[in-house]
Amino acid sequence: MKRLCFTVLSGVGILLATGSVVCGDDSFRSDTPQVKSTMKTLDEYLNKVEDAIIAEDLPKAASMAKELDTACHKLCDLDLSNSKLSKSDLDEFKKLREDFHYRVERLDTAAKQSSVDIAQFEFEKARQSCENCHRRFRKKA
């Protein structure tokens, strides 16, 4: 039952994440090609991490979590100075980005400690960070 709930929640997350990338409604329209490419990479890594956790292949999940974090740093390096985001929006983007990094680090630690339940929990929290960012920024700038 726990796996079914995890799969259903993850599926909803995938639909939300994939929908925003496929539809091209990126929040930072001034950087659309770079953001689209990065978001597609992040979505691919999220799917790989999820598959590894479901298969209880925690070493692979840990490895993919590192790749996911590296890919996410591309968003961290974007020059948002030309975006239409307010100071408040930029601060919120930074907060959500930091939460995502924190969750990926926790997922990596849980995977290394062979804790499937904690890895699943942190994965869902990382995905939730993505969804929160999409919800807030997808239509802005």
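The values are calculated or read from the model by the stated rules, or taken from the named source; none is laboratory data. These numbers come from a predicted model, not from an experiment. Please note: Cβ atoms are built from the backbone with ideal geometry, for glycine as well, and neighbour counts cover all protein chains shown.
For the reader, a short list of remarks on this structure follows.
- Test result for residue 71, at pLDDT below 85 and under 15 Å from the mean Cα position of the chain (by Cα): yes
- Test: residue 32 is of a type in the set (Val, Ile, Thr), over 18 Å from residue 127 (Cβ atoms), at pLDDT below 90 and surrounded by 12 or more Cβ atoms within 10 Å (Cβ to Cβ): yes
- Every condition in (1) at pLDDT 70 or above; (2) under 16 Å from residue 138 (Cα atoms); (3) among the hydrophobic types (A, V, I, L, M, F, W, C); (4) assigned to a helix (DSSP H, G or I) is met by residue 65 except one, and the failing one is (2).
- Residue list for the stretch 85-113, restricted to those being aliphatic (A, V, I, L, M) and surrounded by fewer than 16 Cβ atoms within 10 Å (Cβ to Cβ): 90
- Taken together, 41, 18 contain a single residue that is part of a helix (DSSP H, G or I), surrounded by 15 or more Cβ atoms within 10 Å (Cβ to Cβ) and at pLDDT below 65, which is 18.
- Residue 51 vs. criteria assigned to a helix (DSSP H, G or I), modelled with pLDDT of 85 or more and surrounded by fewer than 16 Cβ atoms within 10 Å (Cβ to Cβ): yes
- When residues of the stretch 114-139 are limited to those that are small (Gly, Ala, Ser) and part of a loop (DSSP other than H, G, I, E, B), the one surrounded by the most Cβ atoms within 10 Å (Cβ to Cβ): 115
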